[in-house]
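The values are calculated or read from the model by the stated rules, or taken from the named source; none is laboratory data. What you are looking at is a predicted structure, and each value in this text was computed from that prediction instead of being measured. Virtual Cβ from ideal backbone geometry, glycine too; neighbours counted across all protein chains shown.
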């Protein structure tokens, strides 16, 4: 009888721990997206940035530091400034935009660029 009550109690605890609110799931999803974006930018900077700063950087320590800073964020509004703060000393030419800002800062759209006029040669 005690074993049955123990199993029942454990099932209730497991079930209650598994029930999270939609807000928590949204925050987890947003945090995962932020970590994914950081990891992608990290890889691009580590393997393709030709700067002296990138060559001299301890990339493992930078990955740990950047991840911890992202996990400390309370909301999405601080993500782009944080990424800019982290990567601007390494990749000074890097410009980071939100999706809304990208359209207004897109040089090709500002020039009324016509891709049919593009010629490529070697």
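Every residue in region 26-52 that is closer than 18 Å to residue 92 by Cβ and surrounded by fewer than 14 Cβ atoms within 10 Å (Cβ to Cβ), please.
44, 47, 48, 50, 52, listed by residue number.
Would you tally the residues in region 53-80 being surrounded by 11 or more Cβ atoms within 10 Å (Cβ to Cβ), under 18 Å from residue 31 (Cα atoms) and either modelled with pLDDT under 90 or under 13 Å from the mean Cα position of the chain (by Cα) (or both)?
Result for region 53-80: 10.
Taking the criterion of being over 29 Å from residue 28 (Cα atoms), out of contact with any strand residue (DSSP E or B) (no Cβ under 8 Å at 6 or more places or on another chain) and at pLDDT below 80, would at least one residue in region 93-103 satisfy it?
Just the residues of region 93-103 that are over 29 Å from residue 28 (Cα atoms), to begin with: 93.
From the residues that got through so far, the ones that are out of contact with any strand residue (DSSP E or B) (no Cβ under 8 Å at 6 or more places or on another chain) too are 93.
Those left that are additionally at pLDDT below 80: none.
For region 93-103, residues over 29 Å from residue 28 (Cα atoms), out of contact with any strand residue (DSSP E or B) (no Cβ under 8 Å at 6 or more places or on another chain) and at pLDDT below 80: absent.
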